[in-house]
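Worksheet for the structure shown next.
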Amino acid sequence: TDDGIHSDVSVTVNGGNTTVSAISATQGVGEGVEAPTITFTGGVTNITASNDGINATYGTVSGGTESNDGSNLFITGGIVIVAGSDAIDSNGNITISGGTTIVTGPTQQPEEGIDFNGNFLMNGGTLISGGSNSNMTKAMNTTSTQVGMYLKSGSQLAATSMLHIENAAGTEMVTFKPKNAVYYFHFSSPGLATNTSYKVYFGGSYTGGSFVGGATAWGLYTSGTYYTTGATLKKTFTSVAGTVNTQSF
């Protein structure tokens with residue numbers, strides 16, 4: 001197999017510290033974790049792959065199609081850090097209800113940060129993902145129970161830079177540095193609310209606090225101080241009454 005972890009039935013990670021590296025010089029080869037059903041309930045899992053980082057599939061759907069094969073990715077807890085092309089790919093469904101999921105996809109389309117053929121439900125936990133400007137990329141489903149954002153930028157966020165989102169009071173919602181230069185973002189956390197004003201910045205700097213992520217300091221920064229010096233305010237908007245906010249800038 002060309003996969004770091006593979007099962008024809010299911011893969012479940014319940015705890016511990018797991019590092020998966022599936023790197024190949026051959027194009028289209030190197031899946032991090034692949035199975036029809038993949039579940040993360042706890043622990044810290046760090047996945048780096050040259051192809052799909054997480055691939056939920058029965059292997060019956062051709063690449064580039066949108067057919068739902070009934071496969072599933074479930075994230076209910078733990079920390080999942082994944083970089084790949086696609087970083088997360090489900091030929092079926094994605095349901096996130098807990099934990100912290102940190103994702104960087106590729107710079108160039110058609111591969112994506114998060115690619116799914118069925119339903120993508122964001123029902124809990126924290127998700128931050130950056131990926132390419134692929135026209136196949138979609139927002140999470142509006143039937144999600146937790147407020148989320150799908151942000152589409154016409155210009156790259158450099159790998160050396162940061163995405164920062166805060167509310168009108170200046171409270172940090174997320175600060176994220178991608179592994180690769182990226183355009184489109186999925187973000188959701190329990191702290192987001194409906195009918196609330198938010199500001200989206202590219203750039204700036206960060207000191208103190210905590211960091212969770214991969215090598216080269218890409219990942220999620222929390223509980224520190226964000227400085228807008230050198231940053232660009234990309235968008236100010238008020239979240240909708242529903243759970244999915246799609247914004248372009």
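For the reader, a short list of remarks on this structure follows.
- Being assigned to a loop (DSSP other than H, G, I, E, B) and either within 25 Å of W218 (Cβ to Cβ) or touching an Asp or Glu at 6+ places or on another chain (Cβ under 7 Å) (or both) holds for only one residue in D86, D115, D69, and it is D86.
- Inter-residue pairs, beta-carbon under 7 Å, first over 18 Å from G214 (Cβ atoms) and in the range 11-26, second assigned to a strand (DSSP E or B) and of a type outside the set (D, E, K, R), 6+ apart: V11/I5; V11/V33; V11/A35; V11/I38; T12/T39
- Condition met for V103 (farther than 17 Å from G148 by Cα, surrounded by 24 or more Cβ atoms within 10 Å (Cβ to Cβ) and hydrophobic (A, V, I, L, M, F, W, C)): no
- Matching option when the condition is of a type outside the set (K, R) and over 21 Å from G154 (Cβ atoms), among G105, G130, G113, G77: G77
- Restricted to the range 1-54, and to residues there that are of a type in the set (D, E) and in a loop (DSSP other than H, G, I, E, B), the residue that is nearest to the chain's Cα centre (by Cα) is D52.
- Any hit, the range 92-103, residues being part of a loop (DSSP other than H, G, I, E, B) and farther than 19 Å from S188 by Cα: yes
- Screening T216 with (1) surrounded by fewer than 18 Cβ atoms within 10 Å (Cβ to Cβ); (2) under 25 Å from V80 (Cβ atoms); (3) touching a Ser or Thr at 6+ places or on another chain (Cβ under 6 Å) gives one miss only, at (3).
- If only residues of the range 19-57 that are of a type in the set (D, E, K, R) and in contact with a Ser or Thr (Cβ under 8 Å, 6 or more places away or on another chain) are counted, the one that is surrounded by the fewest Cβ atoms within 10 Å (Cβ to Cβ) is E34.
- Residue list for the range 174-213, restricted to those being surrounded by 19 or more Cβ atoms within 10 Å (Cβ to Cβ) and either more than 20 Å from S153 (Cβ to Cβ) or aliphatic (A, V, I, L, M) (or both): V174, V182, L192, V200, G213
- Of the strands (runs of 3 or more DSSP E) lying entirely inside the range 130-249, those containing at least 1 residues that are free of Cβ contacts under 8 Å to residues at least 60 places away in the same chain and over 16 Å from the mean Cα position of the chain (by Cα) span 148-157, 163-167, 172-177, 197-202, 205-207, 210-213, 219-222, 225-227, 232-238.
No value in this document is a laboratory result; all are computed from the given coordinates. Here the structure is a predicted model, which is why all the values come from computation and not from measurement. Cβ: placed from backbone, ideal geometry, glycine included. Neighbour counts: every protein chain shown.
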